[in-house]
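Inspection log for the structure reproduced underneath, given as structure tokens.
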Amino acid sequence: MHYRLLPPPLKPLADKFYRAQRSPMRASAGAQIWVAEQQEIVAALCLQTVNGGHWLTSLLVAPAQRRQGLAAHLIETALTECSAPVWLFCHPELSDFYLRQGFTLANDMPAVLADRLLRYQRSKRLLAFSRHPG
């Protein structure tokens, strides 16, 4: 398995992966796109810069590759040199996974993310998590 930061011109490959998984996720413009590859992309995530840190979005592992540690390894690879806090939103059933990755329930986040979380929570149950460097 090979993990890497996808160069911006290759962003369409991440979008192709999301579409192939029948996911509405897309690689965000301007975000760092990290992938796990085994001949083709089998997992991806986006790191978007926000005030004071990064927002981790669009983490997806192909169903045939799940439960093999790819998501955990991809997160670690993407955050290895991250010197700022990272926030994410997830469904409650994913809480234990993110806790194992060193995230904790977020008590504080940039206003732009707090506002977005409130909007999202109108239609779905989501929790906010954060991970701080060090």
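Any read-out appearing in this document is the output of simple, stated calculations on the displayed coordinates, not a laboratory observation. Since we're looking at a predicted model, the values are computed, not measured. Neighbour counts are summed over all protein chains in view; Cβ atoms, including those assigned to glycine, are modelled from backbone coordinates with ideal geometry.
Quick notes on this one:
- Of the residues A44, A111, the single one that is crowded, with 21+ Cβ neighbours inside 10 Å and either touching a residue at least 12 places away in the same chain (Cβ under 8 Å) or hydroxyl-bearing (S, T, Y) (or both) is A44.
- The stretch 17-41, subset surrounded by 17 or more Cβ atoms within 10 Å (Cβ to Cβ) and touching a helix residue (DSSP H, G or I) at 6+ places or on another chain (Cβ under 6 Å), residue farthest from L5 (Cα to Cα): M25
- Residue within the stretch 31-51 that is polar (S, T, N, Q) and within 11 Å of the chain's Cα centre (by Cα) present: yes
- Residues of the stretch 79-91 that are under 22 Å from R22 (Cα atoms) and either aliphatic (A, V, I, L, M) or loosely packed, with under 12 Cβ neighbours inside 10 Å (or both): L88, H91.
- Top-ranked residue of the stretch 94-108 - restricted to ones that are more than 21 Å from W34 (Cα to Cα) and under 16 Å from the mean Cα position of the chain (by Cα), ranked as surrounded by the most Cβ atoms within 10 Å (Cβ to Cβ): A106
- The set of residues from the stretch 57-73 being farther than 13 Å from R26 by Cα and either touching a residue at least 40 places away in the same chain (Cβ under 8 Å) or crowded, with 21+ Cβ neighbours inside 10 Å (or both) comprises A62, P63, L70, A71, H73.
- Checklist (1) without any contact (Cβ under 8 Å) to a residue 40 or more places away in the chain; (2) of a type outside the set (G, A, S); (3) surrounded by 13 or more Cβ atoms within 10 Å (Cβ to Cβ); (4) closer than 23 Å to L118 by Cβ applied to E76, failing item: (4)
- In the set (1) without any contact (Cβ under 8 Å) to a residue 40 or more places away in the chain; (2) assigned to a strand (DSSP E or B), the condition left unmet by G102 is number (2).
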